[in-house]
Structure formats: structure tokens, C-alpha cells
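Student: Okay, here's the structure, questions in a sec.
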Amino acid sequence: MGRGIAVAFAYAGHRVAIVDFKPRDAGMFEALADEALNEIRNTLMSLSRFGLLASRDVEQIMARVRVMPEIEAAAALDEAAIIFEGVPEVLDVKRDALARASQLAGSTAIIASTTSTILVDDLSSAVERPERFLNVHWLNPAYLIPLVEISPGAATDPAITTQVKALLEGIGKVPVVCAATPGYIVPRIQALAMNEAARMVEEGVASAEDIDKAIKYGFGFRYATMGLLEFIDWGGGDILYYASRYLEGALHSDRYRAPEVISRNMEAGRIGMRAGAGFLDYAGKDIEGWREQRLAALVELLRHFGLARPPVI
């Protein structure tokens, strides 16, 4: 993850130091540094093959990246504007790393964990001046996936959250802010979807190949152009409510039960686009124009997948 984040920032013009926090002899560190730099160079070369940069620019971007040994950590962290912790997902290991980083960091440095599982406030007390600390969860591969989930803690200064959001937008990312909750946004939804797909294989509903085809050309296809809540509004929250009740009974599982917010929205008449309000507010919006935009985006995806066929005349 750290190397992917390094690529994202270096690609966007920033100088990056990857700091090895583990004491090693010179030979071991040199091998690690060579491995890291070669991985970053190979990543940039792959981006050049995909047309995102010219191959001649690879070395110029590489010149922005340094790998620093543990003995030079103090110098590297003292001049850093933002520090991302990327050690293994073990609470005590992360707390130790963050405590040390905060001691070595400059007074204005922002400190962020990249944890995918640990809550920000289980880490923040390890940091000197926790008002400058928050979780910044990247999705792999970090240099390609636009989304980054920002999770401030109870002590996080709101100005720091705003600053990090602007920094990420400045390197071409799409940040979202979420409460300190297990699973953030994407991993929480993703875990449900992945477990359900595995369960369908287990139950013999369909082959793994056909389930993946259904996700790629149906589920994922739609949600590449609109969000889940937006899609509920498109069809109507009432449709979801009744479909959920049927699935709960037919499959004998309360995991399909609609949450109370769906019932509350129905009672309030907020059933979606056709009512002018649902999870989103459509007051004053050109609904037909909005539909047209979304359908046009789906057509572009058809072209991307080579599935846009001319009519038979």
C-alpha cells in the first residue's frame, strides 16, 4: 500500500520519502530499497503502456521518490507535510509506529493511518497532538482506484480533515468522509456482496463463472454510473421494501430485511425519484435530463465492453 501511495503522489508532482521503520543492516536495507524502487518503476512503466504517461517521463517521476533507512527516519519525517503509516494490521504495531512517527514529525505535519480494519480512536491516543491525526483508507491499487475514505477521530481538528480532502483531490483522488465505524463504506458493503456471492456458489445457485459474469455485466455495470442509494431512488424505495420482504421469507434469512430507514421513507412519502425525494432530494431537478445522463453513461460502458451493437434493419 505504501508503494502505491508513493506512486500516486509522485505521479502528481510531489516529493515522496518511503521510510523503513525497521532497523536493518546496510545490505538488507539496500535490497529492500532496490525492491521498492523497482516495483515503483515497473508500476510507472505499466502506466506508460496504458497511455497515462510517456515512457521518457518515468525517470523524472522516479527522481521524486526516496527510500530512507530507519536511521534517517527523523530527518525524513521532520520535513514531511503529511505522513501515512503503512505497517501491518496489528493494533500494537500500529500504535508503536504512530507514536514514534508523531514524536519525529514536524509540528505542522498531518499524520494518517491507512488501516483497513482498526478504528481511528483505537489509534489516536498513541499520537502526540491527536487533533492532527485521522484514518485515510486507500483501496488497492492505490495509484489507480480514485476513491479514498477519510475517517476523522473524536479529537481530529475539522480543518485537518478539510486539508487532507483538498490534498487528495489535488492528486486526482475522490475522497469521501465517513464516521469512525468498522469497515468504513466500501469494505462494509463489499464484505456483504462477496460473502453472498460465495454463498450462492455453496448453494449451487450458479457457477462461479456465471456469478462473476452477472456481477460484471449487471451489478457492477449499473453501479459504475450511479450509486446504490441513487439506484434505490431510481426504482423506488417501496420496490426495495417489498422485494426485501419476499427474499427474507423465501430464503428464510433476516439478512435480506430492509432497514427501518426504508419504512420511514415510505411513511414520509420519500420513495424516490418519482416522488421528488428519496435518499436524495430531486426538488427543482430536471429528472428527464438526469435520466438521460445516466443512460448515456451506460451506453458508454456498452461501448467500452464491446457490447454496443447497431440495430438490425
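Student: Can you pull out every residue in segment 59-80 that is surrounded by 17 or more Cβ atoms within 10 Å (Cβ to Cβ) and in a helix (DSSP H, G or I)?
Tutor: Within segment 59-80, 61, 73, 76, 77 qualify.
Student: Any idea which residue in segment 49-58 is surrounded by the most Cβ atoms within 10 Å (Cβ to Cβ), counting only those that are more than 24 Å from residue 31 (Cβ to Cβ) and not small (Gly, Ala, Ser)? Can you show your working first?
Tutor: Here is the first cut: in segment 49-58, the residues more than 24 Å from residue 31 (Cβ to Cβ) are 49-57.
Narrowing the set further to residues that are not small (Gly, Ala, Ser) leaves 49-50, 52-53, 56-57.
Values: 49: 10, 50: 9, 52: 13, 53: 16, 56: 8, 57: 14.
Looking at residues that are more than 24 Å from residue 31 (Cβ to Cβ) and not small (Gly, Ala, Ser), I get 53.
Student: How many of the residues in segment 20-44 are surrounded by fewer than 14 Cβ atoms within 10 Å (Cβ to Cβ) and among the aliphatic types (A, V, I, L, M)?
Tutor: The total comes to 3.
Student: Now a separate question. Quick one: which of 306, 236 is surrounded by fewer than 13 Cβ atoms within 10 Å (Cβ to Cβ) and on the phi > 0 side of the Ramachandran plot?
Tutor: On the way: 236 fails: surrounded by fewer than 13 Cβ atoms within 10 Å (Cβ to Cβ).
Sole residue among the options that is surrounded by fewer than 13 Cβ atoms within 10 Å (Cβ to Cβ) and on the phi > 0 side of the Ramachandran plot: 306.
Student: Still on this structure: Can you list residue pairs whose Cβ atoms sit under 8 Å apart, with the first residue in segment 82-105 being not assigned by TED's automatic domain parsing to the domain that holds residue 166 and the second being at pLDDT 95 or above? Count only pairs 6 or more apart in sequence or on different chains.
Tutor: No pair meets every condition.
Student: Also, quick follow-up: Of all residues in segment 220-254, count the ones that are free of Cβ contacts under 8 Å to residues at least 24 places away in the same chain and assigned to a helix (DSSP H, G or I). Before you say what the answer is, go through the steps one by one.
Tutor: Here is the first cut: in segment 220-254, the ones free of Cβ contacts under 8 Å to residues at least 24 places away in the same chain are 220, 223, 227, 231, 239-240, 242-254.
So of that shortlist, the ones also assigned to a helix (DSSP H, G or I) come out as 220, 223, 231, 239-240, 242-250, 254.
Residues meeting the conditions: 15.
Student: Restricting to segment 20-48, give me the number of residues that are within 23 Å of the chain's Cα centre (by Cα) and aliphatic (A, V, I, L, M).
Tutor: Residues flagged as within 23 Å of the chain's Cα centre (by Cα) and aliphatic (A, V, I, L, M) within segment 20-48 amount to 4.
Student: Let me ask another. Give segment 129-139 a look and list any residue that's under 15 Å from residue 156 (Cβ atoms) and in a loop (DSSP other than H, G, I, E, B), or say none. Lay out the reasoning, then the answer.
Tutor: So the first thing to find is which residues in segment 129-139 are under 15 Å from residue 156 (Cβ atoms), and the list is 129-137.
Within segment 129-139, just 129 meets the criteria.
Student: Pairs please, first residue from segment 12-36 and assigned by TED's automatic domain parsing to the domain that holds residue 85, second anywhere and part of a loop (DSSP other than H, G, I, E, B) and aliphatic (A, V, I, L, M), Cβ atoms under 7 Å, 6+ apart in sequence or on different chains.
Tutor: Matching pairs, first to second residue: 12/171; 17/80; 21/87.
Student: Something else about it: Taking segment 4-41, which residues are modelled with pLDDT of 95 or more and of a type in the set (Lys, Arg)?
Tutor: 15, 41, listed by residue number.
Student: So, one more: Have a look at 135, 140 and point out the one that is under 16 Å from the mean Cα position of the chain (by Cα), exposed (fewer than 15 other Cβ atoms within 10 Å of the Cβ) and within 22 Å of residue 90 (Cα to Cα).
Tutor: On the way: 135 fails: exposed (fewer than 15 other Cβ atoms within 10 Å of the Cβ).
One residue alone meets the criteria, 140.
Student: Still on this structure: Could you run through segment 81-128 and say how many residues are assigned to a loop (DSSP other than H, G, I, E, B) and surrounded by 21 or more Cβ atoms within 10 Å (Cβ to Cβ)?
Tutor: From segment 81-128, those assigned to a loop (DSSP other than H, G, I, E, B) are 81, 86-90, 105-109, 114-119, 123, 127-128; that's our starting set.
With surrounded by 21 or more Cβ atoms within 10 Å (Cβ to Cβ) added as a condition, the list becomes 86, 105, 115, 123, 127.
Count: 5.
Student: Let me ask you something else. Can we say residue 264 is without any contact (Cβ under 8 Å) to a residue 60 or more places away in the chain and basic (Lys, Arg)?
Tutor: On the way: without any contact (Cβ under 8 Å) to a residue 60 or more places away in the chain: yes; basic (Lys, Arg): yes.
Judged against the criteria, residue 264 is a match.
Student: Identify, from the list 90, 16, 67, 58, the residue that is among the hydrophobic types (A, V, I, L, M, F, W, C), within 22 Å of the chain's Cα centre (by Cα) and over 26 Å from residue 186 (Cα atoms).
Tutor: Working: 90 fails: over 26 Å from residue 186 (Cα atoms); 67 fails: within 22 Å of the chain's Cα centre (by Cα); 58 fails: within 22 Å of the chain's Cα centre (by Cα).
One residue alone meets the criteria, 16.
Student: While we're looking at this one, here's another question. From the residues in segment 166-191 that are in contact (Cβ under 8 Å) with a residue 40 or more places away in the chain and in a helix (DSSP H, G or I), which one is nearest to residue 148 (Cα to Cα)?
Tutor: Of everything passing the filter in segment 166-191, 186 is nearest to residue 148 (Cα to Cα).
The values are calculated or read from the model by the stated rules, or taken from the named source; none is laboratory data. The structure presented is a predicted model; accordingly, all values stated were derived computationally and were not measured. Note: ideal-geometry Cβ built from the backbone for every residue, glycine included; neighbour counts use all protein chains shown.
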